[in-house]
Ligand code: G6P
């Protein structure tokens with residue numbers, strides 16, 4: 001989950017690297033560093049802190065280097081200190097390595113290298129690679145890297161710069177993502193496309209066990225056994241504006257406001273003229289005899305899967321279960337060739353989800369990936385992929401990708417029920433008509449913003465917040481609690497409202513905020529009863545509701561956040577919006593780092 005970038009060109013490398021690192025900071029942001037070839041010598045700058053701190057250190061220094069590498073870190077081995085920041089060097093300071101991933105056999109390699117006289121100066125696994133390349137170097141950097149990664153176990157994407165080969169950057173990949181790109185007179189390597197937007201005109205996504213080099217002539221990719229790789233490159237289509245804040249104070253707020261579009265785009269490609277479900281190519285190979293569905297996902301994506309678990313019960317005649325990906329392999333989930341697995345992941349890189357996909361496939365399941373990033377590892381290892389079309393999401397706390405996942409899963413459920421011959425035409429056309437109205441309703445739901453901002457001032461003093469709901473809104477309660485925890489660091493828990501009396505009620509004291517998702521529907525009256533129970537303990541009830549004028553609700557709730565009326569797939573999406581805004585404004589009021597909350601990373605590539 002670190003960000004890596006490299007540049008060979010005719011312009012100054014340092015400003016490009018710093019700008020790119022800022023764009024990659026969502027991947028990790030506890031330390032940053034760059035290495036340059038300056039007047040034929042390798043120079044390195046690194047420190048704990050954000051990219052802007054590194055930039056501050058470098059401010060005013062006129063480096064003329066046109067070749068360099070840069071790194072932004074999310075600590076795994078070794079605490080975030082200056083010493084553990086990348087790039088890491090060999091004994092003589094001639095080779096610099098930046099790395100994303102984990103070298104699993106680092107201890108063995110380190111011991112061997114230390115016995116051979118190499119002196120280490122950090123606690124990281126990465127430094128092993130610098131010394132290993134040094135020990136294998138005999139005039140050909142690419143060959144030394146090839147031999148080094150032949151000895152390394154684990155997942156990695158690396159970029160390596162050497163003073164002895166000052167016109168190139170060597171790269172290699174296994175597990176962690178890496179992309180190379182080029183434009184007129186320059187070549188690039190990076191963990192992810194956003195760093196290259198507006199720079200590279202074409203990119204190539206590397207596959208595992210590929211390596212190569214970038215030079216002024218572009219990029220060259222080889223397999224581990226030295227065969228040249230030729231694949232058609234991808235044109236870079238995203239606009240650099242997509243990774244700017246566009247007048248918003250934070251990416252998270254911008255992304256919350258983008259949801260009418262991101263949900264709309266996600267639906268559009270799967271619907272004909274907004275009302276008829278199109279066949280999804282990824283579902284064409286699904287055997288109609290499937291008899292069980294598992295969703296595997298982590299974090300927010302798991303909550304989207306959990307919404308689908310509820311929604312699909314009413315459209316599909318087979319059971320569907322959402323399992324947290326890191327638990328999936330530990331359980332003896334009953335998997336046969338008739339099992340369908342849906343892997344949900346914004347990034348398509350999350351290692352726990354990837355491992356669950358591998359495990360499911362090795363046991364014969366058919367796996368469909370639902371991803372936002374194309375060409376990801378999870379997509380490649382699945383049988384087929386469906387996309388959310390949320391665009392690039394930069395805020396570490398997922399927002400627009402979550403609602404896009406629910407929308408996409410809703411349609412996948414309907415499509416699968418057709419595969420099964422179980423679809424009721426009337427049901428699905430009612431659902432599709434509702435969905436056509438959804439983008440407009442999202443805009444309407446966002447009008448609650450001012451009210452939420454005021455309410456956030458009251459919540460900022462809370463030490464515990466409960467989120468309660470029933471049915472398909474229960475996962476939205478989980479997501480609301482997760483959002484608040486992630487960015488405001490206030491303890492929050494989501495519970496099915498019916499469970500309150502079995503434990504969480506003990507937490508309710510005078511003024512404890514309890515957020516209750518009160519949707520008009522079969523569970524509405526029961527939820528009002530739960531509200532009575534909270535009131536009886538002097539809790540502070542915030543009702544998020546599509547029945548904001550109901551006198552019973554008005555009597556019980558201290559505050560009401562209205563949500564537009566809807567049903568089916570639309571309802572959990574619309575109930576999410578006030579909760580995202582609430583987490584955002586509480587965090588802003590507390591002054592936390594909203595887009596880069598402490599200890600978190602957007603893409604988690606360690607187990
Ligand atoms: C990290 C992020 C979460 C995200 C989860 C799964 O923990 O901080 O926001 O939900 O990973 O990510 P994925 O890319 O697989 O959806």
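Of the residues making up segment 313-325, those that are within 24 Å of the chain's Cα centre (by Cα) and away from the ligand (no atom under 16 Å from the Cβ) are 320, 321.
The residue that is surrounded by the most Cβ atoms within 10 Å (Cβ to Cβ), counting only those in segment 326-346 that are without any contact (Cβ under 8 Å) to a residue 40 or more places away in the chain and within 16 Å of the ligand (Cβ to nearest atom), is 328.
Of all residues in segment 157-173, those that are assigned to a strand (DSSP E or B) and touching a helix residue (DSSP H, G or I) at 6+ places or on another chain (Cβ under 7 Å) total 5. Would you be able to say whether some residue in segment 380-390 is under 30 Å from residue 600 (Cα atoms), out of contact with any helix residue (DSSP H, G or I) (no Cβ under 9 Å at 6 or more places or on another chain) and within 16 Å of the ligand (Cβ to nearest atom)? Yes, some residue in segment 380-390 is under 30 Å from residue 600 (Cα atoms), out of contact with any helix residue (DSSP H, G or I) (no Cβ under 9 Å at 6 or more places or on another chain) and within 16 Å of the ligand (Cβ to nearest atom). Evaluated against (1) within 20 Å of residue 282 (Cβ to Cβ); (2) more than 16 Å from the ligand (Cβ to nearest atom); (3) assigned to a loop (DSSP other than H, G, I, E, B), residue 349 falls short on exactly one condition, (2). When residue 411 is tested against (1) assigned to a loop (DSSP other than H, G, I, E, B); (2) away from the ligand (no atom under 15 Å from the Cβ); (3) under 19 Å from residue 280 (Cα atoms); (4) at pLDDT 90 or above, just one condition goes unmet, and that condition is (1). In the condition set (1) touching a residue at least 24 places away in the same chain (Cβ under 8 Å); (2) assigned to a helix (DSSP H, G or I); (3) away from the ligand (no atom under 13 Å from the Cβ), residue 286 is compliant with all but (2). Any chance segment 593-605 includes a residue that's within 33 Å of the chain's Cα centre (by Cα), in contact (Cβ under 8 Å) with a residue 40 or more places away in the chain, within 16 Å of the ligand (Cβ to nearest atom) and part of a helix (DSSP H, G or I)? Scanning segment 593-605 turns up no residue that is within 33 Å of the chain's Cα centre (by Cα), in contact (Cβ under 8 Å) with a residue 40 or more places away in the chain, within 16 Å of the ligand (Cβ to nearest atom) and part of a helix (DSSP H, G or I).
The single condition among (1) touching a strand residue (DSSP E or B) at 6+ places or on another chain (Cβ under 6 Å); (2) part of a helix (DSSP H, G or I); (3) away from the ligand (no atom under 15 Å from the Cβ); (4) under 26 Å from residue 484 (Cα atoms) that residue 310 does not meet is (1). Considering only segment 100-116, I want to know if a residue exists there that is within 21 Å of residue 606 (Cα to Cα), touching a strand residue (DSSP E or B) at 6+ places or on another chain (Cβ under 7 Å), surrounded by 24 or more Cβ atoms within 10 Å (Cβ to Cβ) and without any contact (Cβ under 8 Å) to a residue 60 or more places away in the chain. Yes: one or more hits.
Against the criterion of being on the phi < 0 side of the Ramachandran plot and surrounded by 21 or more Cβ atoms within 10 Å (Cβ to Cβ), residue 518 qualifies. Return yes or no: is residue 430 within 19 Å of residue 278 (Cβ to Cβ), out of contact with any helix residue (DSSP H, G or I) (no Cβ under 7 Å at 6 or more places or on another chain), more than 10 Å from the ligand (Cβ to nearest atom) and modelled with pLDDT under 95? Yes; evaluated as a whole, the condition is true for this residue. Residue check: residue 337 meets all listed conditions (1) in contact with a strand residue (DSSP E or B) (Cβ under 9 Å, 6 or more places away or on another chain); (2) over 21 Å from residue 415 (Cα atoms); (3) assigned to a loop (DSSP other than H, G, I, E, B) but one, namely (2).
Residue-by-condition table, conditions (1) surrounded by 15 or more Cβ atoms within 10 Å (Cβ to Cβ); (2) assigned to a helix (DSSP H, G or I):
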residue	(1), (2)
416	yes, yes
435	yes, yes
451	yes, yes
454	no, yes
466	yes, no
473	yes, yes
480	yes, yes
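Considering only residues in segment 358-377 that are away from the ligand (no atom under 11 Å from the Cβ) and outside any loop (DSSP other than H, G, I, E, B), the one that is nearest to residue 27 (Cα to Cα) turns out to be 358. Of all the listed residues (198, 246), the sole one being farther than 19 Å from residue 375 by Cβ, touching a residue at least 12 places away in the same chain (Cβ under 8 Å) and assigned to a loop (DSSP other than H, G, I, E, B) is 198.
The listed residues are 421, 391, and the only one of them that is more than 20 Å from residue 264 (Cα to Cα), assigned to a loop (DSSP other than H, G, I, E, B) and at pLDDT below 95 turns out to be 421. Name every residue in segment 493-509 that is more than 15 Å from the ligand (Cβ to nearest atom), part of a strand (DSSP E or B) and crowded, with 20+ Cβ neighbours inside 10 Å, in order of residue number. If the condition is that a residue be more than 15 Å from the ligand (Cβ to nearest atom), part of a strand (DSSP E or B) and crowded, with 20+ Cβ neighbours inside 10 Å, then 495 is the only one that fits. Looking at (1) within 24 Å of residue 225 (Cβ to Cβ); (2) crowded, with 19+ Cβ neighbours inside 10 Å; (3) in contact with a helix residue (DSSP H, G or I) (Cβ under 6 Å, 6 or more places away or on another chain), which is the only condition residue 147 fails? So residue 147 meets the others, but not (2).
The values are calculated or read from the model by the stated rules, or taken from the named source; none is laboratory data. Everything numeric here is computed off the predicted structure, so don't read it as measured data. Using ideal geometry, Cβ is built from the backbone for each residue, glycine included, and neighbour counts are taken over all protein chains shown.
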